[in-house]
Amino acid sequence: MRRTAPRSRTSHIIGVHLYLEDADGRVLLGLRHPESAYAGGVHHFLAGHCERESAVACLVREAAEEAGLVIDPADVEFAHAVHLTDTPQAQPRLQLVFRARHWQGTPEVLEPDLCVGWDWWHPDDLPEPIVPYARAAIGSIRAGVPYSELGWE
């Protein structure tokens, strides 16, 4: 008889993240507002949760809403996925990271209650503090690794 893993009824949240490199190979990261519900005062990708939309549609929407960037969905490619849980009791999350090959606009703070500034960082000299899975994703993307897991026992 084949054993199967116990079924879990815990939903996984799907997050979508933008990996954007400028002409010098620097990565765009935002400094989250200190009072943000998630990762206050910490650097992170431009990101959001899917809201009954495709992951790429979410990415395009979030880029416009958060930073005033215009991205054509045809210019988006999958870069990395991180499946994580912050603690054994936390709701699991699947974080999808997409790279935009082209975009229009200069990043600007459009949601100051969530992000206080955008800046470009060399991947070998990332800021501190930074969301751990963002750091892991950047390293994995640079190494050509498409998938990683964090926090699972």
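In the context of the full set of protein chains, residues of the stretch 63-153 present 55 Å² of accessible surface per residue (probe radius 1.4 Å, heavy atoms only).
Proximity of backbone amide H atoms, modeled 1.01 Å from N, is registered between Leu46 and Leu18, Gly30 at under 5 Å, excluding neighbours fewer than 5 places apart on the same chain.
Ranked by the mean number of other Cβ atoms within 10 Å per residue, highest first, peptides 48-58, 25-35 order as 25-35, 48-58. The average projected area of the stretch 59-109, computed from the convex hull of its Cα atoms over all directions, is 4.3 nm².
Could you tell me how many degrees, from 0 to 90 and to the nearest 10, lie between the Cα long axis of helix 55-67 and the main elongation axis, the longest principal axis, of the Cα atoms of the chain? With both axes taken from Cα atoms, the answer is about 40 degrees. Roughly how tilted is helix 132-143, in degrees to the nearest 10 and between 0 and 90, from the longest Cα axis of the chain? Around 80 degrees separate the two axes.
Across every pair of different alpha-carbon atoms, what Kirkwood hydrodynamic radius in Å does the chain reach? About 16.1 Å, per the Kirkwood formula over Cα pairs. Model label points for Asp86 and Glu128, set 7 angstrom from Cα along the Cα-to-Cβ axis, are 2.1 nm apart. Note on the chain: with neighbouring protein chains present and a 1.4 Å probe, carbon and sulfur make up 51 percent of its accessible heavy-atom surface. Can you work out the FRET efficiency for the pair His49 and Asp113, with r the C-beta to C-beta distance and R0 = 25 Å, to the nearest 0.05? Efficiency computed from Cβ-Cβ geometry: 0.95.
Look at where the Cα atoms of the stretch 43-73 and of the stretch 75-153 average out, and the two centres are 13 Å apart.
For the stretch 31-47, putting each phi into the Karplus relation 6.51 cos²θ - 1.76 cosθ + 1.60 with θ = phi - 60° gives couplings of 8, 5, 4, x, 9, 4, 5, 10, 6, x, x, 10, 7, 7, 5, 5, 7 Hz, in residue order, rounded to whole numbers and with x for Gly and Pro.
Around the amide H of Gly15, modelled in the peptide plane, lie the amide H atoms of Leu94, Gln95, Leu96, all under 5 Å away and 5 or more residues distant in sequence or on another chain. Near Leu69, the amide H atoms lying under 5 Å from its own belong to Ala64; only residues 5 or more places off or on other chains count, and H is placed 1.01 Å from N.
Calculated mean residue ellipticity, 222 nm, the chain: -5000 deg cm²/dmol, from DSSP H runs (n ≥ 4) at -39500 (n - 2.57) each, averaged per residue and rounded to 500. The base-10 log of I(q)/I(0) for the stretch 37-123, evaluated at q = 0.17, 0.20 Å⁻¹, reads -0.82, -1.12 [Debye formula, identical scatterers on Cα atoms, solvent excluded].
For the stretch 108-140, backbone nitrogen atoms closer than 17 Å to the point 7 Å from Asp75 Cα along Cα-to-C-beta are found at 108.
The values are calculated or read from the model by the stated rules, or taken from the named source; none is laboratory data. Model, not experiment: these values are computed from the prediction. Cβ coordinates were reconstructed from backbone atoms using ideal geometry, including for glycine residues, and neighbour counts include every protein chain displayed. Protein only, heavy atoms only, side chains kept; ligands, DNA and RNA dropped before computing areas. Shrake-Rupley method; radii C 1.70, N 1.55, O 1.52, S 1.80 Å.
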